[in-house]
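Since the structure comes first, as structure tokens, the remarks are kept for the end.
The values are calculated or read from the model by the stated rules, or taken from the named source; none is laboratory data. Here the structure is a predicted model, which means the values were calculated and not measured. Neighbour counts are summed over all protein chains in view; Cβ atoms, including those assigned to glycine, are modelled from backbone coordinates with ideal geometry. Heavy atoms of the whole protein, side chains included, go into the accessibility calculation; ligands, DNA and RNA do not. Shrake-Rupley method; radii C 1.70, N 1.55, O 1.52, S 1.80 Å.
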Amino acid sequence: MKLLRVLPFSKYLLSETIVAGETVVDATAGNGNDTLFLAEHVGDEGHVYAFDIQQAALNSTAERLGELNERVSLILDSHDNVEQYVTGPIGGAVFNLGYLPYSDDLSIVTKPETTIKAIHTLLGLLKKGGIIAVSVYDGHEGGKEERDALLGYVKTLHQADVHVIRYELLNQRNNPPFLVALEKMRDFETVKQVD
Ligand code: SAM
């Protein structure tokens with residue numbers, strides 16, 4: 001298959017940029033699929049910082065990681081506080097927006113302000129050539145507002161600083177996700193924004 005689905009394409013982009021030994025961030029650990037993928041990629045010398053605001057998500061992630069737990073810091077805090085825990089450069093970061101699958105409380109979802117603040121901070125920490133991959137689900141309550149805020153934000157990023165793509169399959173049913181991927185094009189601490 002050439003035209004990958006959204007989640008495999010997100011992993012493909014990250015695997016093209018992350019090098020063994022690097023520090024990387026899973027901004028929405030959830031059930032740990034992306035955390036495990038990142039832990040495998042960074043190897044023995046690398047480290048993953050995985051954030052979630054639900055202890056149940058971190059427990060589920062810890063279980064999924066098994067022995068690879070030692071490569072991962074599980075952080076019970078919002079991803080917009082990433083700067084309190086992580087110093088750059090980071091090799092990449094991943095977000096899966098929305099709610100924790102199989103949770104009893106599907107009303108706990110990512111929010112526009114914190115998602116955008118986290119991406120903005122992570123862009124500063126990212127290495128040149130690094131990727132932030134954001135899988136966007138907009139089917140739940142508040143999802144469309146978050147989607148629109150995110151798309152509005154990424155369009156303000158100066159094209160010399162960051163390249164941004166949107167990738168989606170157009171003929172899937174049941175609110176499939178789409179991907180927003182950002183690649184840092186040159187070194188900066190704070191990305192330039194334009195109107
Ligand atoms: N990537 C995950 C996986 O592999 O299972 C799925 C992530 S799930 C779609 C979204 C997660 O984001 C939920 O577990 C939710 O608790 C978490 N979340 C919501 N707001 C957050 C925030 N401000 N900071 C960190 N995590 C947050």
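List of remarks:
- Rounded if a/c under 1.5, otherwise prolate or oblate - segment 1-59, Cα gyration tensor axes: oblate
- With the alpha-carbon atoms of segment 51-195 aligned to their principal axes, the span from lowest to highest coordinate is 42, 39, 25 Å, starting with the largest.
- Computed over the chain, the per-residue total of -39500 (n - 2.57) for DSSP H runs of n ≥ 4 gives a 222 nm mean residue ellipticity of -9500 deg cm²/dmol, rounded to 500.
- Environment charge at Gly88 (Cβ cut-off 14 Å; Lys +1, Arg +1, Asp -1, Glu -1): -1
- Thr156-Glu67 FRET efficiency (beta carbon distance; Förster radius 45 Å; 0.05 resolution): 0.60
- Carbon and sulfur %, accessible surface of segment 134-195 computed with the full protein complex present, 1.4 Å: 45 percent
- Inter-label distance for Glu83 and Thr190, nm, one decimal - labels placed 7 Å from Cα along Cα-to-Cβ: 0.9 nm
- Ordering Ile108, Gln84, Gln159 by Cα displacement along the dipole of segment 68-195 toward the positive end leaves Gln159 in first place; charges were set at the Cβ atoms of Lys, Arg (+1) and Asp, Glu (-1).
- Spatial separation of Cα centroids for segment 130-149 and segment 160-195, in angstrom: 11 Å
- Only Lys, Arg, Asp and Glu carry charge here, each on its Cβ (+1 for the first two, -1 for the last two); on that basis segment 1-76 has a dipole of about 400 debye about its Cα centre.
- Here each label is just a point 7 Å from Cα along the line to Cβ, and for Leu169 and Thr114 those points are 3.0 nm apart.
- Legend: residue pairs Lys111/Lys155; Lys2/Lys144; Lys11/Lys128; Lys117/Lys192; Lys127/Lys192; Lys155/Lys184, Cα-Cα distance threshold 24 Å; pairs beyond threshold, Lys2/Lys144.
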